[in-house]
Amino acid sequence: YIQGFLVDNRVVTQEELDKAPYIVAGDEQHIVMGAGDYVYGRGDWSQAHQAYGVYRQGPAYVDPDTKEVLGIAALDRGLARYENAEGDIARFKLTKSKEDIRPGDRLLPTEERKVDSIFHPKSPQGEVNGHIIHVFSGVRNVSQYDVVVLNLGDRDGISVGDVLAVHGKGETVKDRVTGQ
(Lines give C-alpha, C1' and ligand atoms only; values in the text may rest on other atoms or scores of the structure.)
Protein backbone atom coordinates (compact mmCIF):
# COMPACT_ATOMS: atom_id res chain seq x y z
CA TYR A 1 0.00 0.00 0.00
CA ILE A 2 1.33 3.40 -0.99
CA GLN A 3 -0.61 5.36 1.69
CA GLY A 4 1.91 4.42 4.38
CA PHE A 5 4.67 6.22 2.51
CA LEU A 6 2.81 9.51 2.02
CA VAL A 7 2.67 12.58 4.24
CA ASP A 8 -0.42 14.59 5.20
CA ASN A 9 1.09 18.00 4.51
CA ARG A 10 -0.81 20.14 2.02
CA VAL A 11 0.03 22.82 -0.50
CA VAL A 12 -2.23 25.86 -0.20
CA THR A 13 -2.24 29.49 -1.25
CA GLN A 14 -1.14 32.18 1.18
CA GLU A 15 -4.69 33.56 1.02
CA GLU A 16 -6.21 30.19 2.00
CA LEU A 17 -3.87 29.96 4.98
CA ASP A 18 -4.46 33.57 6.05
CA LYS A 19 -8.26 33.15 5.92
CA ALA A 20 -8.29 29.79 7.72
CA PRO A 21 -9.49 29.59 11.34
CA TYR A 22 -6.68 29.34 13.88
CA ILE A 23 -6.04 28.09 17.38
CA VAL A 24 -6.29 30.85 19.97
CA ALA A 25 -5.53 28.92 23.16
CA GLY A 26 -5.64 25.61 24.95
CA ASP A 27 -7.38 24.68 28.17
CA GLU A 28 -5.65 25.82 31.34
CA GLN A 29 -3.50 28.31 29.37
CA HIS A 30 -1.30 25.59 27.84
CA ILE A 31 0.94 26.99 25.14
CA VAL A 32 1.85 23.55 23.76
CA MET A 33 -0.93 21.05 23.21
CA GLY A 34 -1.31 17.49 21.98
CA ALA A 35 -3.74 14.61 21.55
CA GLY A 36 -6.43 14.55 24.25
CA ASP A 37 -6.23 18.29 24.97
CA TYR A 38 -9.04 20.76 24.32
CA VAL A 39 -8.30 23.89 22.29
CA TYR A 40 -10.22 26.98 21.21
CA GLY A 41 -10.23 28.24 17.65
CA ARG A 42 -11.30 31.53 16.14
CA GLY A 43 -12.96 31.74 12.74
CA ASP A 44 -16.19 31.44 10.81
CA TRP A 45 -18.10 28.39 12.06
CA SER A 46 -21.33 28.99 10.09
CA GLN A 47 -20.58 25.87 8.03
CA ALA A 48 -18.48 23.98 10.56
CA HIS A 49 -17.03 20.60 9.66
CA GLN A 50 -16.85 17.63 12.01
CA ALA A 51 -13.06 17.37 11.79
CA TYR A 52 -10.21 19.73 11.01
CA GLY A 53 -6.56 19.18 10.30
CA VAL A 54 -4.18 21.29 12.33
CA TYR A 55 -1.44 22.87 10.21
CA ARG A 56 1.51 25.19 10.66
CA GLN A 57 2.76 27.40 7.85
CA GLY A 58 5.87 26.04 6.21
CA PRO A 59 8.07 27.31 3.40
CA ALA A 60 6.87 28.74 0.12
CA TYR A 61 7.35 26.45 -2.86
CA VAL A 62 8.98 28.48 -5.63
CA ASP A 63 9.49 27.32 -9.21
CA PRO A 64 13.28 27.38 -9.75
CA ASP A 65 12.89 28.42 -13.40
CA THR A 66 10.11 31.04 -13.35
CA LYS A 67 10.44 32.13 -9.68
CA GLU A 68 6.62 31.83 -9.44
CA VAL A 69 5.33 31.01 -5.95
CA LEU A 70 3.50 27.73 -6.58
CA GLY A 71 2.06 27.44 -3.08
CA ILE A 72 2.75 27.42 0.63
CA ALA A 73 3.47 24.28 2.64
CA ALA A 74 0.85 23.60 5.30
CA LEU A 75 2.69 21.26 7.67
CA ASP A 76 0.48 18.65 9.32
CA ARG A 77 0.44 18.81 13.12
CA GLY A 78 -2.63 16.73 13.93
CA LEU A 79 -6.41 16.39 13.91
CA ALA A 80 -9.09 18.25 15.87
CA ARG A 81 -12.75 17.28 16.39
CA TYR A 82 -15.22 20.18 16.37
CA GLU A 83 -17.30 20.27 19.57
CA ASN A 84 -19.32 23.51 19.59
CA ALA A 85 -19.09 27.24 18.94
CA GLU A 86 -20.28 30.50 20.40
CA GLY A 87 -19.83 33.40 18.01
CA ASP A 88 -16.43 33.17 16.35
CA ILE A 89 -14.90 30.96 19.07
CA ALA A 90 -15.18 27.16 18.84
CA ARG A 91 -14.04 24.36 21.11
CA PHE A 92 -12.16 21.35 19.72
CA LYS A 93 -10.71 18.16 21.10
CA LEU A 94 -7.33 17.24 19.65
CA THR A 95 -7.71 13.61 18.54
CA LYS A 96 -4.26 13.15 17.03
CA SER A 97 -0.98 15.03 17.22
CA LYS A 98 2.17 14.32 15.26
CA GLU A 99 4.06 17.25 16.76
CA ASP A 100 3.37 20.03 19.24
CA ILE A 101 0.28 22.12 18.53
CA ARG A 102 0.42 25.82 19.41
CA PRO A 103 -1.68 28.98 19.28
CA GLY A 104 -1.63 30.38 15.75
CA ASP A 105 -1.71 26.96 14.07
CA ARG A 106 -4.36 26.89 11.35
CA LEU A 107 -7.46 24.70 11.14
CA LEU A 108 -8.33 23.37 7.67
CA PRO A 109 -11.28 21.07 6.99
CA THR A 110 -10.07 17.51 6.52
CA GLU A 111 -9.90 16.21 2.98
CA GLU A 112 -10.63 12.74 1.74
CA ARG A 113 -7.08 12.23 0.61
CA LYS A 114 -6.76 8.47 0.51
CA VAL A 115 -4.81 7.40 -2.53
CA ASP A 116 -6.21 4.40 -4.34
CA SER A 117 -4.13 1.40 -3.40
CA ILE A 118 -4.63 0.15 -6.94
CA PHE A 119 -3.55 2.45 -9.73
CA HIS A 120 -1.82 1.79 -12.98
CA PRO A 121 1.62 3.36 -13.39
CA LYS A 122 1.90 5.09 -16.76
CA SER A 123 3.88 7.70 -18.63
CA PRO A 124 2.49 11.22 -18.60
CA GLN A 125 0.80 12.57 -21.72
CA GLY A 126 3.64 14.14 -23.74
CA GLU A 127 7.10 15.13 -22.62
CA VAL A 128 7.38 16.59 -19.13
CA ASN A 129 10.36 18.31 -17.55
CA GLY A 130 10.37 19.61 -14.00
CA HIS A 131 12.34 19.90 -10.79
CA ILE A 132 12.19 18.41 -7.32
CA ILE A 133 11.72 21.51 -5.18
CA HIS A 134 11.41 19.93 -1.73
CA VAL A 135 12.37 16.63 -0.07
CA PHE A 136 10.42 15.80 3.10
CA SER A 137 13.21 13.70 4.58
CA GLY A 138 15.31 16.86 4.58
CA VAL A 139 18.22 15.29 2.76
CA ARG A 140 19.88 16.38 -0.45
CA ASN A 141 19.83 12.93 -2.00
CA VAL A 142 16.55 11.20 -2.72
CA SER A 143 15.99 7.47 -2.66
CA GLN A 144 13.19 4.98 -3.06
CA TYR A 145 10.07 5.73 -0.93
CA ASP A 146 11.11 9.34 -0.21
CA VAL A 147 8.30 11.87 -0.61
CA VAL A 148 9.10 14.93 -2.72
CA VAL A 149 7.38 18.04 -4.05
CA LEU A 150 7.66 18.76 -7.78
CA ASN A 151 7.13 22.02 -9.62
CA LEU A 152 4.59 20.13 -11.76
CA GLY A 153 0.88 19.49 -11.39
CA ASP A 154 -2.51 19.48 -13.08
CA ARG A 155 -1.75 22.41 -15.35
CA ASP A 156 1.33 20.54 -16.62
CA GLY A 157 -0.69 17.45 -17.52
CA ILE A 158 0.45 15.38 -14.52
CA SER A 159 -2.14 12.96 -13.09
CA VAL A 160 -2.36 10.14 -10.51
CA GLY A 161 -0.24 7.19 -11.56
CA ASP A 162 2.22 9.14 -13.71
CA VAL A 163 5.74 7.81 -13.32
CA LEU A 164 8.68 10.13 -13.94
CA ALA A 165 12.39 9.39 -14.25
CA VAL A 166 14.70 11.31 -11.94
CA HIS A 167 17.98 12.57 -13.38
CA GLY A 168 20.65 14.40 -11.44
CA LYS A 169 23.10 16.84 -12.96
CA GLY A 170 26.48 15.20 -13.40
CA GLU A 171 29.81 16.64 -12.35
CA THR A 172 31.93 18.92 -14.49
CA VAL A 173 35.41 17.46 -14.70
CA LYS A 174 38.61 18.90 -16.10
CA ASP A 175 40.75 16.87 -18.49
CA ARG A 176 44.15 16.98 -16.79
CA VAL A 177 45.97 16.12 -19.99
CA THR A 178 44.48 18.74 -22.33
CA GLY A 179 43.24 21.21 -19.72
CA GLN A 180 39.73 21.19 -21.22
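The values are calculated or read from the model by the stated rules, or taken from the named source; none is laboratory data. This structure is a prediction, so every number in the text was calculated from the model and none was measured. All Cβ positions, even for glycine, are placed from backbone atoms using ideal geometry, and neighbour counts span all protein chains on display. Surface accessibility is based on the protein's heavy atoms, side chains included, excluding ligands, DNA and RNA. Shrake-Rupley method; radii C 1.70, N 1.55, O 1.52, S 1.80 Å.
Can you give me the relative contact order of the chain as a percent, contacts being Cα pairs under 8 Å and 6 or more apart?
Working: 325 pairs, mean separation 40.8, N = 180.
Reported relative contact order: 23 percent.
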- line: Sites removed, the longest contiguous part of the chain containing no DSSP-loop chymotrypsin sites (Phe, Trp or Tyr not before Pro) with at most 15 other Cβ within 10 Å is 2-118
task: Grab the beta carbon distance between residue 123 and residue 176, set R0 = 25 Å, and tell me the FRET efficiency rounded to 0.05.
output: 0.05
query: How high is the relative contact order of the stretch 1-102, in percent, counting Cα pairs under 8 Å that sit 6 or more residues apart?
result: 32 percent
message: Can you return the lysines within cross-link range of residue 93? Criterion is Cα-Cα under 24 Å, with same-chain partners fewer than 8 residues away left out.
response: 19, 114
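Loop-only check: which GluC sites (Glu not before Pro) in the stretch 17-91 are DSSP coil with at most 12 other Cβ within 10 angstrom?
On the way: sites: 28, 68, 83, 86; in loops: 68.
Passing both the DSSP loop test and the Cβ count: 68.
Could you tell me what percent of the accessible area of the stretch 1-71 is made up of carbon and sulfur, with a 1.4 Å probe and every protein chain present?
Details: 2280 of 4420 Å².
Carbon and sulfur atoms account for 52 percent of the accessible area of the stretch 1-71.
How much accessible area per residue does the chain have, counting only protein heavy atoms and a probe of 1.4 Å, in square angstrom?
Working: 12530 Å² over 180 residues.
For the chain, the solvent-accessible area averages 70 Å² per residue.
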- request: Please go through the stretch 1-78 and write out the trypsin sites (Lys or Arg not before Pro) that DSSP classes as loop and that have at most 13 other C-beta atoms within 10 Å.
  value: 67
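Based on alpha-carbon atoms only, what is the radius of gyration of the chain relative to the globular estimate 2.2 N^0.38 Å? Let's see the in-between values first.
Details: Rg = 20.7 Å, N = 180, 2.2 N^0.38 = 15.8 Å.
For the chain, the normalised Cα radius of gyration is 1.31.
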